[in-house]
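The values are calculated or read from the model by the stated rules, or taken from the named source; none is laboratory data. Since we're looking at a predicted model, the values are computed, not measured. Ideal geometry is used to build each Cβ from the backbone, glycine not excepted, and the neighbour counts take in all protein chains shown. Just so you know, the surface numbers come from the protein's heavy atoms only, side chains and all, with ligands and any DNA or RNA stripped out. Shrake-Rupley method; radii C 1.70, N 1.55, O 1.52, S 1.80 Å.
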Amino acid sequence: MSDKRYHISIIGGGITGLTAAYYLMRERDERKLPIDFTLIEASDRLGGKIQTWKHDGFVIELGPDSFLERKASAAQLVQDVGLQDDLVRNNTGQAYILHKNRLMPIPEGAVMGIPTRLMPFVTTSLISPLGKLRAAADLVMPAGNHGEDESVGHFFRRRLGDEVIDHLIEPLLSGVYGGNIDQMSLLSTFPEFARLEQKYRSLILAMKSTRPESDRQEKKKGMFQTLKGGLQSLVERVESLLPASSLLKKTMVERIDKNAAGYGLHLSNGQVLQTNAIILTVPHADAQKMLQPYVDIPPLAGTTPTTVATVAMAYPAEQVKLHLEGTGFVVPRKSDYTITACTWTHRKWPHTTPKGKALLRCFVGRENDQAIIEQSDEEIVRVAVKDLQRIMQVGDTPEFYIVNRIQRSIPYVVGHQQWLRTVTEKVETQLPGVLLAGASYAGVGLPDCIDQGKKAVRDVLRFVTNK
Ligand SMILES: Cc1cc2nc3c(=O)[nH]c(=O)nc-3n(C[C@H](O)[C@H](O)[C@H](O)COP(=O)(O)OP(=O)(O)OC[C@H]3O[C@@H](n4cnc5c(N)ncnc54)[C@H](O)[C@@H]3O)c2cc1C
């Protein structure tokens, strides 16, 4: 690396951009690199989809509420910024699936809906005897597709039949990914299942053999973690550690110009920021507009982005009567309910709710039913309460509520990996020093985004230090 100073821009202040800024700063300081950086965020707050609302003693997540502990990078970031003492784990408990207007327990031993224990699956009334017989065919069927991408729906339907998918797997998975599982790429969302089929042939046998011993113990610990002060406390801590001079909020990057010295970022404040390299963490539709003059990026096939709304409703505890143990339920797509899931948050995350109160968090907005999102907050709450009252005892009027509409990233459709390879290669050759990262690319979960932010830092440092 020459003695010249380099400037790196990070566009987008969601978790991916924040992670990139934080680890870039650390690397620079530890290795004493001649690098300046700027994190540019269009809105007046950092965090992107992460947003916590603290009100009346409640800690309410308006977007993501936790992260998978198993994917270590999120807990690592929490530790790196000194918030490890604030980590809390979810209370475990039975989760339910709505089936014929009743909450039915997800059969014990079902991993992502795939049966790994015989008895709970044989006795569940979620699946008809014929459906169970069809699922059991997995035990004798040969392995199918060898390494080609296919839809998640197609894969599971082929192995286990329609009923297990529609009644069990789809409601569990589409809660995480939000897309239509019959279009969603298996290799980009659950590649491990494709590998398991090749290795063990039968999915049921594979799940039995590969489930860790800890999962089989009766009293399991929660798989998710969050922070006592809400996920926004992580955002605020990272922000407080970054030099104020490296942050540009309320500033949108409107255009990127390639020039002899690198890139000129045309900002909404009228200025042009000259930079040597860019970590671009905005949703892909926005990235595409910025890069289009230089890179002919194939559009993401298939679906359009969907908007979901989280609907958090606070009640006096006596107005929410739950006769069942557990932490919440999901609703299959093929139902006449508008809500897609409900978490009994005061049970799953007791730190969020003051004593004597209950907190319910519902989701609305399916891929094929966006009309509800256009309704007023009052109407969304009315519909959510009406749905809940069909299955549990809930008061007509919450003490207070908050509705938050968020655009989900476009679901990864079949062929996503090939698409990503093409886009990455094109950007690498035509716009050297521009790195794409974030939920549109290599995983939507917070740890996936954190991993991508870290990788972008390694790549961008390789780019500038090789100059
Ligand atoms: C309802 C919902 C619930 C979820 N729950 C969970 C969960 O519990 N656990 C989990 O692990 N994951 C969850 N996810 C997924 C996870 O929250 C997201 O994938 C992740 O937060 C995305 O982070 P990001 O940094 O890639 O993008 P974003 O958070 O979208 O950040 C992108 C940022 O770029 C900014 N921006 C856009 N254009 C420009 C521009 N031109 N100039 C400057 N800035 C710009 C935006 O304002 C935004 O702040 C959930 C997602 C949703 C929608």
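For this structure, a couple of remarks:
- Test: Pro398 is within 16 Å of the ligand (Cβ to nearest atom) and open to solvent by less than 30 Å² (accessible area, probe 1.4 Å): no
- Arg26 vs. criteria in contact with a strand residue (DSSP E or B) (Cβ under 7 Å, 6 or more places away or on another chain), away from the ligand (no atom under 12 Å from the Cβ) and open to solvent by 20 Å² or more (accessible area, probe 1.4 Å): no
- The requirement of being away from the ligand (no atom under 14 Å from the Cβ), touching a strand residue (DSSP E or B) at 6+ places or on another chain (Cβ under 8 Å) and open to solvent by less than 60 Å² (accessible area, probe 1.4 Å) is satisfied by His7.
- Filtered residues of segment 32-64 (kept if under 30 Å from Gly356 (Cβ atoms) and more than 11 Å from the ligand (Cβ to nearest atom)): Thr52, Trp53, Lys54, His55, Asp56, Gly57, Phe58, Val59, Ile60
- Reported count of residues in segment 160-179, each being open to solvent by less than 30 Å² (accessible area, probe 1.4 Å) and either part of a helix (DSSP H, G or I) or in contact with a strand residue (DSSP E or B) (Cβ under 9 Å, 6 or more places away or on another chain) (or both), is 12.
- Candidates in segment 269-295 are the residues that are part of a loop (DSSP other than H, G, I, E, B), polar (S, T, N, Q) and in contact (Cβ under 8 Å) with a residue 12 or more places away in the chain; of these, the one that is nearest to Pro34 (Cα to Cα) is Asn276.
- Residue match in segment 244-256 (condition: within 30 Å of His7 (Cα to Cα) and without any contact (Cβ under 8 Å) to a residue 12 or more places away in the chain): yes
- Of Arg390, Arg382, Arg405, all but one fail to be within 22 Å of the chain's Cα centre (by Cα), modelled with pLDDT of 95 or more and surrounded by fewer than 21 Cβ atoms within 10 Å (Cβ to Cβ); the exception is Arg405.
- Boolean, Arg89 is open to solvent by 20 Å² or more (accessible area, probe 1.4 Å), at pLDDT below 90, within 27 Å of Cys362 (Cα to Cα) and within 16 Å of the ligand (Cβ to nearest atom): no
- Failed criterion for Val464 (all others in (1) under 20 Å from Thr310 (Cα atoms); (2) modelled with pLDDT under 95; (3) away from the ligand (no atom under 16 Å from the Cβ) hold): (1)
- One residue alone among Gly63, Gly47, Gly109, Gly131 is open to solvent by less than 40 Å² (accessible area, probe 1.4 Å) and touching a His at 6+ places or on another chain (Cβ under 8 Å), and that residue is Gly131.
- Tally, over segment 443-465, of residues that are touching a residue at least 40 places away in the same chain (Cβ under 8 Å) and open to solvent by 40 Å² or more (accessible area, probe 1.4 Å): 4
- Residues in segment 360-370 include none that are part of a helix (DSSP H, G or I) and surrounded by 20 or more Cβ atoms within 10 Å (Cβ to Cβ).
Per-residue answers, yes or no, for (1) under 23 Å from Thr327 (Cα atoms); (2) modelled with pLDDT under 75; (3) open to solvent by less than 70 Å² (accessible area, probe 1.4 Å):
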position	(1), (2), (3)
Ser188	no, no, yes
Arg195	no, no, no
Ile204	no, no, yes
Met207	no, no, yes
Arg211	yes, yes, yes
Lys221	yes, no, no
Gln225	yes, no, yes
Lys228	yes, no, no
